[in-house]
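Asker: Please see the structure below; I have some questions.
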Amino acid sequence: MVGDMDAYLQDLTLLKEIGVALGNDKMLIREARFRAAALIRLGRYREAEAAARRSADNYRRADLPEEEGISLTIVGRALRELGAYHDAVSAFHQALQTLERANAPIYRIQALSYLSTTYWQMGEYEQAYQCGQKALRICEEHHMPERKRFAFGDMGAAAVMLGQTETARQWLQE
């Protein structure tokens, strides 16, 4: 087993208690984001969404846009898993705007990949493909060849659904 998520949640509860005792707001803000990510892995999406929203609001107040954008991405993931696709798309767009302002290309690529998957699940394959193209441009602009795999996979999956088998093969082989 990679890790015991219940034990991890207990550790986060202790972190929160320590943060409260010390009056350390940074510790409390981070705890909410880490809790949201853990709850996603446990399939507790409503709780994850609530924790991620609290985290995003706290990071917004603290003027930490990269952390806010990461939290908004978790909101989008939770909403997508709940089948609230349009709300998820909205959360991902908000995350992307925030991450662009933060100059956080790695997290923008990640958010675009989650958004692409959401569009794919909605049957909006052209938008899914465009997300992959945007992610690929970010990879090239920031010299991150190792991150291109996300864009290639997203574009390949969308191309398959668009009936573009040769294009799909090209992207998926990359």
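The values are calculated or read from the model by the stated rules, or taken from the named source; none is laboratory data. Everything numeric here is computed off the predicted structure, so don't read it as measured data. Every residue, glycine as well, gets a Cβ built from its backbone with ideal geometry; the counts of neighbours run over all protein chains shown. These accessible areas exclude ligands, DNA and RNA; they are computed on the full protein's heavy atoms, side chains included. Shrake-Rupley method; radii C 1.70, N 1.55, O 1.52, S 1.80 Å.
Asker: Output needed for the range 109-166: three equivalent-ellipsoid semi-axes, defined as square roots of 5 times the C-alpha gyration tensor eigenvalues, in descending order, whole Å.
Answerer: Value: 19, 12, 8 Å, ordered largest first.
Asker: What does the charge count around Asn24 come to, taking other residues whose C-beta lies under 13 Å from its C-beta (Lys +1, Arg +1, Asp -1, Glu -1)?
Answerer: 0
Asker: Also, I was wondering about something else. Identify, among Ala62, Leu79, Ala51, the residue whose Cα sits farthest towards the positive end of the charge dipole of the range 16-140, taking +1 on the Cβ of Lys and Arg and -1 on the Cβ of Asp and Glu, with the dipole about the Cα centre.
Answerer: Going by the charge dipole, the pick is Ala51.
Asker: Continuing with the same structure: Ordered by packing density, taken as the mean number of other Cβ atoms within 10 Å over each peptide's residues, highest first, how do 93-103, 110-120, 142-152 rank?
Answerer: 110-120, 93-103, 142-152
Asker: Same structure again: How many Å³ per residue does the convex hull of the Cα positions in the chain occupy?
Answerer: About 121 Å³ per residue, rounded to a whole number.
Asker: What accessible area, in Å² to the nearest ten, does a 1.4 Å probe give for Glu174?
Answerer: Roll a 1.4 Å probe over it and Glu174 shows about 130 Å².
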